[in-house]
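Read-outs: derived from the displayed coordinates by stated rules, not from any lab. Keep in mind the model is a prediction, meaning the values are calculated, not measured. Positions of Cβ are generated from backbone atoms using ideal geometry, with glycine treated the same way; all protein chains shown enter the neighbour counts.
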Amino acid sequence: MSAETLRAGRRVYLDHAATTPVEARVLAAMLPYFSEKFGNPNSPHAFGREAVTAVDDARDTVAACIGAKANEVYFTSGGTEADNWALAGIMRANAERGRHFIVSAVEHHAVLEAARALCKEGFACSVAPVDGAGRVDVAALKGLLRPDTVLVCLMAANNEVGTVQPLAEVSALCRERGILLFSDAVQAAGTLPVNVNSPRVDLLSLSSHKLYGPKGAGALYVRSGVKIAPLLLGGRQERGRRGGTVNVPACVGFAGALRLCAAEREQEHARLFALRERFARQVLAGTDALRNGDAKHSLPGVVSFTFDGTDGEAVLYALDLAGVAASGGAACSSGAPEPSHVLLAMGRSEAQARASVRFSFGRENTEEDADFVAETVIQTIQKLRARRAEG
Ligand code: PLP
């Protein structure tokens, strides 16, 4: 079959760090909770009991998957709410201990914007720098610690370049000084082992739609004994810490999806890693791309390239026309005029940050997909360069 025939009508999704499709078994488990088992988990009757049993089971599953106790898991509307809550809830509830906290420079906007809002409330934030691969500089972070530091926020793995953070080192540092550690594990939980005791963290956020569960669901883990103020005020749901009727089908789906990821993790990790490297090798051989991030210590399915002298938006547009879905960095900021804060923090220039594309592999991708996309990327870059040279 010719390359053109292969290409015709083909669409390949390489944007799993933005979102993933709901797994069929997960969807099947969720469906009854939209209709016949529709009860409110707070209702004192059989319909309510049926719903609360489902939520309790989901909580047990999520807790077991991350090494937590069930009563340390709070369901949220996703990663953003969990991130916002971790920062605001901890700083507000522990203000008598201190008003300072630290975030890494490469955190998701859900953390950085929450940090910005806290600064407007009178809290003080320091930003820990990262190295060229996007790994936080632990010595620099140590230098930022103050007697009034209450919280350190360090994600488990970065969403734009995939770099895994030295969480164990930072955990040890925080423990020595009695400082709370929050880790955004939204990207890590689908493909890497995540356990709240190894390395030990006090808070951890999860999002369902990054791991083949439904959108609009997630969780915040809060270690027993940690004081946290509620973010959503209302009823006494989630043991009085988060008002709002729990999204029962979403919790069921989220928990089922996380369980499947945990069961298939090792195999899927190896498969995604091999697929991504097969793809990266071809792109690096066929273009002059710079690879962003840390190839070894990274999310297995994620790779980011800078194609110097191109416009990332134009690359994405051309790839989309050719049937390839990729991303310019954080999904939430795609199309936004600012270059990626992650790439800038890693030392890339503004022009380079704007010339970067993230590819993220997932469950349904095959070697054929990797080869097809690599060839498409190489041709796209050549065409865009030729067009530019023509003026
Ligand atoms: N944290 C990270 C690292 C993410 O990648 C994302 C989503 O892109 C979020 C938080 C936000 O999660 P959600 O989409 O569930 O609000």
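Taking a point 7 Å from the Cα of K120 along the Cα-to-Cβ direction, the residues of region 64-89 with backbone N closer than 15 Å to it are 88. Cα centroids of region 113-167 and region 211-280: 22 Å apart. Considering only GluC sites (Glu not before Pro) in DSSP loops that have at most 16 other Cβ atoms within 10 Å, the longest stretch of the chain without any of them is 122-363.
Any chance you could run the full-extension gain for V138 through N195? It's 0.36 nm times the residue separation minus the Cα-Cα distance, nm to one decimal. Don't jump to the answer; show the numbers that get you there.
On the way: separation 57, 0.36 × 57 = 20.52 nm, distance 2.09 nm.
Separation in residues times 0.36 nm, less the Cα-Cα distance, equals 18.4 nm.
A straight chain from T245 to N40 at 0.36 nm per residue would run longer than the Cα-Cα distance by 73.1 nm.
Helical runs (DSSP H, four residues minimum) scored at -39500 (n - 2.57) apiece and divided by the length of the chain put the mean residue ellipticity at 222 nm at -13000 deg cm²/dmol. One quarter of the surface of the convex hull around the alpha-carbon atoms of region 1-155 equals 15.9 nm², the direction-averaged projected area. Taking the inverse of the mean 1/r over every pair of distinct Cα atoms in region 1-85 gives a Kirkwood hydrodynamic radius of 16.4 Å.
Spin-label model, A263 to D288: label points 7 Å out along the Cα-to-beta-carbon direction sit 5.0 nm apart. Give the shape of region 154-288 as rounded, prolate or oblate, defined through the alpha-carbon gyration tensor: a ≥ b ≥ c are the square roots of its eigenvalues, a/c under 1.5 means rounded, and otherwise the shape is prolate if a/b is larger than b/c and oblate if not. Verdict is oblate for region 154-288. DSSP finds beta bridges in region 24-260, and of those with both partners inside it, around 45 percent are antiparallel.
Here the dipole of region 176-229 is about 80 debye; that uses its Cα centre as origin and unit charges on the Cβ of Lys and Arg (positive) and Asp and Glu (negative).
Kirkwood radius, region 83-156, all distinct C-alpha pairs, inverse of mean reciprocal distance: 12.3 Å. Neighbour counting of Cβ atoms within 10 Å sorts the residues T191, T306, fewest neighbours leading, into T306, T191.
Overall, the anisotropy analysis places region 246-391 in the prolate class: the square-rooted eigenvalues a ≥ b ≥ c of its C-alpha gyration tensor yield a/c not less than 1.5, with a/b exceeding b/c.
What is region 24-260's relative contact order, in percent, from Cα pairs under 8 angstrom and six or more apart in sequence? RCO, region 24-260: 27 percent. Rounded, prolate or oblate for the chain? Axes are the square roots of the Cα gyration tensor eigenvalues, ordered a ≥ b ≥ c, and the cut-off for rounded is a/c under 1.5. It is oblate, given that a/c is not under 1.5 and a/b is not larger than b/c.
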